[in-house]
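Trainee: The structure that follows is given in the form of structure tokens.
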Amino acid sequence: MSTLWLQNPLAIHLGAETPSEAAAGGIVVDTTAGTVTELVASGAQPSTVPEATFDASAHVITPGLINTHHHFYQTLTRAWPPVANSKLFDWLVALYPVWARLDAEAMRLATTVAMAELLESGCTTAADHHYLFPDGAEVSIDVQVEVARELGMRAVLTRGSMSVGEDEGGLPPQHTVQDSATILADSERLVRAYHERGDGAQIQIALAPCSPFSVSTTLMADSAALAEDLDVRLHTHLAETLDEEDYCLEHFGMRTVDYLESVGWLTDRAWLAHGIHFDDGEIARLGAAGTAVAHCPSSNMRLASGIARAVELEDAGAPVGIGVDGSASNDSSNMIREVRQALYLQRLRYGAETVTTGRALDWATRGSAAALGRTDIGTIRAGAQADLALFRPEGLAFSGSHDPLTALLLCGVERADRVMVAGSWRVVDSHVVGLDTESLIARHSEVARRLVAGA
């Protein structure tokens with residue numbers, strides 16, 4: 001065992017309802033096992049002498065932030081003028097043909113950019129929802145596994161799918177959809193090849209039919225059955241817009257949660273992206289089932305989709321996490337910025353006293369972990385994974401601030417100074433360790449220009 005004492009942090013977040021004094025003296029990490037071994041109280045010493053120390057007196061420490069919903073490939077279509085002012089359905093119709101040109105190199109570059117940006121913003125675990133598999137991109141998730149391992153980040157990679165194209169009344173172009181047999185076979189292949197179980201898992205696979213307007217009812221039900229058989233999680237978009245609600249009423253004769261239950265998804269195995277347009281009864285049903293929601297505030301504002309009822313969902317028993325969503329509907333993969341957005345957007349609905357800075361941080365840590373079915377990440381405690389984000393609240397933006405933990409969100413920190421995953425530093429001096437960022441940006445930008453040009 002090799003131990004590292006992160007000594008005397010400026011502040012530490014142990015949870016909105018948990019006093020920080022228990023770890024005011026710092027955290028001891030077993031860097032070999034990748035776990036937290038001890039919390040050190042103010043003025044105390046570790047129970048055993050650590051082999052190394054890190055002076056954290058200028059740092060605010062939080063659990064590693066956890067992103068519950070993203071589309072990595074969309075970093076290639078950020079701020080594209082034809083869709084800059086579109087609502088969801090129009091935005092999708094315009095972008096599907098562009099995304100259909102994805103290949104393995106584009107996927108590798110997009111994934112690397114997204115993960116690196118997330119890491120540098122304090123994120124240690126990210127769930128990606130990839131549902132586009134045009135010719136030449138069948139190995140997309142395999143590529144994502146490689147990138148996650150190279151960067152040392154935890155990832156829940158969801159095998160997304162679309163099976164209902166324009167010919168059957170769906171939104172996606174016909175050449176971007178796959179048949180159900182192909183989707184289910186590849187889903188099982190990926191789970192058997194890559195899914196890790198238990199504490200400390202780095203790579204996990206989930207099954208993720210895209211949305212009610214791009215997937216058949218049969219595939220939704222078959223995916224739920226396969227997920228139960230393989231014991232993996234389920235993910236989809238649901239109740240993001242009123243257009244989607246109208247689609248479900250027209251095509252299925254029921255609202256979104258009724259549809260969810262009809263295909264076997266009203267379960268604690270599932271987590272839903274967005275979850276904006278639920279009524280009181282639906283919130284109660286989701287809470288009773290333990291079905292989680294990934295709140296994506298920037299995307300919901302960008303596309304004018306609405307405000308999720310996050311507080312009521314959480315109070316009803318539905319785990320609530322935070323997601324940055326696609327980098328073409330948020331145009332950013334900055335996780336700490338997303339926590340600030342969640343804080344402010346939810347305050348518009350519920351007020352400042354109800355939505356505290358601590359509650360918003362909890363959504364992005366323990367709430368997000370619960371949404372992904374994890375108990376080993378998202379908190380700082382003995383035995384948990386040593387996934388930590390260290391922020392330095394400094395410079396003009398923080399001058400005059402009085403509480404460093406509160407200031408992270410209210411004053412708007414943008415990047416972490418250091419990030420640890422499983423006891424190893426993955427970000428140092430706000431940069432991903434070992435990554436040639438300039439070369440990555442140059443090649444990623446070149447491929448992005450080629451993609452939208454159709455070359």
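Trainee: Taking the criterion of being of a type in the set (A, V, I, L, M, F, W, C), on the phi < 0 side of the Ramachandran plot, open to solvent by 60 Å² or more (accessible area, probe 1.4 Å) and more than 27 Å from the chain's Cα centre (by Cα), would at least one residue in region 21-34 satisfy it?
Mentor: no
Trainee: From (1) free of Cβ contacts under 8 Å to residues at least 24 places away in the same chain; (2) in contact with an Asp or Glu (Cβ under 9 Å, 6 or more places away or on another chain), pick out the condition that doesn't hold for Asn85.
Mentor: Here Asn85 clears every test but (2).
Trainee: Among the residues of region 164-195, write down those that are of a type in the set (Asp, Glu) and touching a helix residue (DSSP H, G or I) at 6+ places or on another chain (Cβ under 6 Å).
Mentor: Hits for region 164-195 are Glu166, Asp167.
Trainee: For region 121-133, does any single residue satisfy the condition of being part of a loop (DSSP other than H, G, I, E, B), surrounded by fewer than 24 Cβ atoms within 10 Å (Cβ to Cβ) and on the phi > 0 side of the Ramachandran plot?
Mentor: no
Trainee: Okay, moving on. When region 71-118 is examined, which residues are found to be assigned to a loop (DSSP other than H, G, I, E, B) and either under 30 Å from Arg418 (Cβ atoms) or within 21 Å of the chain's Cα centre (by Cα) (or both)?
Mentor: Matches in region 71-118: His71, Arg78, Ala79.
Trainee: Then there is this: Restricting region 134-163 to residues that are in contact with a helix residue (DSSP H, G or I) (Cβ under 8 Å, 6 or more places away or on another chain) and of a type in the set (S, T, N, Q), which is most open to solvent (accessible area, probe 1.4 Å)?
Mentor: Ser163
Trainee: How many residues are over 19 Å from Gly122 (Cα atoms), in a strand (DSSP E or B) and either open to solvent by less than 40 Å² (accessible area, probe 1.4 Å) or free of Cβ contacts under 8 Å to residues at least 60 places away in the same chain (or both) when one looks only at region 39-59?
Mentor: Matching residues across region 39-59 total 3.
Trainee: Which one of Glu196, Glu245, Glu250, Glu228 is under 28 Å from Val421 (Cβ atoms) and among the acidic types (Asp, Glu)?
Mentor: Unique residue meeting the criteria: Glu196.
Trainee: Now for a separate question. Which of the strands (runs of 3 or more DSSP E) contained wholly in region 352-455 include at least 2 residues that are closer than 25 Å to Gln74 by Cβ, modelled with pLDDT of 95 or more and open to solvent by less than 10 Å² (accessible area, probe 1.4 Å)?
Mentor: By residue number, 418-421.
Trainee: Could you please give the count of residues in region 377-410 that are touching a strand residue (DSSP E or B) at 6+ places or on another chain (Cβ under 7 Å) and among the polar types (S, T, N, Q)?
Mentor: Total satisfying the criteria: 2.
Trainee: Condition first: among the β-branched types (Val, Ile, Thr) and open to solvent by 50 Å² or more (accessible area, probe 1.4 Å). Now tell me which residues in region 66-101 satisfy that. Working first, answer last.
Mentor: Just the residues of region 66-101 that are among the β-branched types (Val, Ile, Thr), to begin with: 66, 68, 75, 77, 83, 93, 98.
Across region 66-101, the qualifying residue is only Val93.
Trainee: Out of region 311-329, which residues are under 25 Å from Glu261 (Cβ atoms), among the small types (Gly, Ala, Ser) and either buried (at least 23 other Cβ atoms within 10 Å of the Cβ) or out of contact with any Leu (no Cβ under 9 Å at 6 or more places or on another chain) (or both)?
Mentor: Ala318, Gly321, Gly323
Trainee: Here is a further query. Against the condition under 21 Å from the mean Cα position of the chain (by Cα), among the hydroxyl-bearing types (Ser, Thr, Tyr), modelled with pLDDT of 95 or more and over 29 Å from Glu414 (Cα atoms), how does Thr256 come out, does it pass?
Mentor: no
Trainee: List the number of the failed condition for Arg337; all other conditions in (1) assigned to a loop (DSSP other than H, G, I, E, B); (2) open to solvent by 20 Å² or more (accessible area, probe 1.4 Å) hold.
Mentor: Single failed check for Arg337: (1).
The values are calculated or read from the model by the stated rules, or taken from the named source; none is laboratory data. Computed from a predicted structure; not experimentally measured. We place every Cβ from the backbone using ideal geometry, glycine too, and count neighbours over all the protein chains shown. Heavy atoms of the whole protein, side chains included, go into the accessibility calculation; ligands, DNA and RNA do not. Shrake-Rupley method; radii C 1.70, N 1.55, O 1.52, S 1.80 Å.
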